[in-house]
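The values are calculated or read from the model by the stated rules, or taken from the named source; none is laboratory data. Owing to the predicted nature of the structure, the values given are computational and were not obtained by experimental measurement. Cβ sites come from the backbone with ideal geometry, for glycine too, and all protein chains shown count toward neighbours.
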Amino acid sequence: MTLHHLRSSLTVPLPVEEVFPFFAAAENLERITPGQLRFSIVSATPLTIARGTIIEYRLSLYGMRFRWTTLISVWEPTRVFVDEQRRGPFALWRHRHSFEETASGTTIRDSVEYALPLHPFGEVALPLVRAQLRSIFTFRQRRVVELLGLLSAQCAWEVDV
């Protein structure tokens, strides 16, 4: 299995106490996911997120519908949480969300460690997967800025896949 990484950061001019609750509400994940993925939460909502919470989703990619199940393995409100794929399209998916109060507001960092299925043959799809992830995370950042009621000029973001 070959591990790959995605890193993104977004700095917004708001205190972490205002930013973290947005990400703690699982329902907002639907709001920050591109529409073409037809993403929806299957688990009963509203969800109370805590360490050990299991969340089930349904989404579509390249015309294929599938389910994705994640486990919240780390939950430290206002600082960090981690979701790990238990069932889904990747051989491994571990997504760490961290929040850091800075002089200019809050920096939101996403760090994803992932592996493609069907190793080594799945590696052929890596360029396509990287492009898709870059598109998804760029969309997410812009949508978060919009939903938090901010002007994009007030924010700084980066996506590195």
Original post:
How many residues does region 139-157 contain that are in contact (Cβ under 8 Å) with a residue 24 or more places away in the chain and part of a helix (DSSP H, G or I)?
Top reply: 8
Original post:
Among the candidates Pro46, Pro21, Pro77, which residue alone is surrounded by fewer than 16 Cβ atoms within 10 Å (Cβ to Cβ), closer than 17 Å to Val145 by Cα and either in contact with a helix residue (DSSP H, G or I) (Cβ under 6 Å, 6 or more places away or on another chain) or not polar (S, T, N, Q) (or both)?
Top reply: Pro21
Original post:
When region 80-91 is examined, which residues are found to be in a strand (DSSP E or B) and surrounded by 15 or more Cβ atoms within 10 Å (Cβ to Cβ)?
Top reply: Val80, Phe81, Val82, Asp83, Glu84, Gln85
Subject >> Complete set of residues in region 88-130 that are acidic (Asp, Glu) and touching a Ser or Thr at 6+ places or on another chain (Cβ under 9 Å) >> reply: Glu100, Glu101, Asp110, Glu123
Original post:
What is the one condition in (1) of a type outside the set (D, E, K, R); (2) assigned to a loop (DSSP other than H, G, I, E, B); (3) at pLDDT 95 or above that Ile55 does not satisfy?
Top reply: (2)
Original post:
How many of the residues making up region 89-109 are in contact with a Lys or Arg (Cβ under 7 Å, 6 or more places away or on another chain) and closer than 21 Å to Thr2 by Cβ?
Top reply: 0
Subject >> Selection count where residues are surrounded by 13 or more Cβ atoms within 10 Å (Cβ to Cβ) and in contact with a Phe, Trp or Tyr (Cβ under 9 Å, 6 or more places away or on another chain), scope region 138-156 >> reply: 6
Original post:
Scanning for something in a helix (DSSP H, G or I) and not β-branched (Val, Ile, Thr), does region 68-77 turn up at least one residue?
Top reply: no
Original post:
Restricting attention to region 24-40, which residues are crowded, with 16+ Cβ neighbours inside 10 Å and out of contact with any Ser or Thr (no Cβ under 8 Å at 6 or more places or on another chain)?
Top reply: Ala24, Leu29, Ile32, Thr33
Original post:
Between a first residue in region 25-45 that is outside any loop (DSSP other than H, G, I, E, B) and modelled with pLDDT of 95 or more and a second residue that is among the basic types (Lys, Arg) and surrounded by fewer than 12 Cβ atoms within 10 Å (Cβ to Cβ), which pairs have beta carbons less than 6 Å apart while being 6 or more apart in sequence or on different chains?
Top reply: none
Subject >> Enumeration of residues in region 100-137 that are assigned to a helix (DSSP H, G or I) and surrounded by fewer than 16 Cβ atoms within 10 Å (Cβ to Cβ) >> reply: Phe121, Glu123, Val124, Ala125, Leu126, Pro127, Leu128, Arg130, Ala131, Arg134, Ser135
Subject >> Candidate set: region 62-71, residues that are surrounded by 15 or more Cβ atoms within 10 Å (Cβ to Cβ) and out of contact with any Lys or Arg (no Cβ under 6 Å at 6 or more places or on another chain); chosen: the one nearest to Glu101 (Cα to Cα) >> reply: Thr70
Subject >> Within region 4-49, considering residues that are among the small types (Gly, Ala, Ser) and over 23 Å from Leu92 (Cβ atoms), the one farthest from the chain's Cα centre (by Cα) >> reply: Ala44
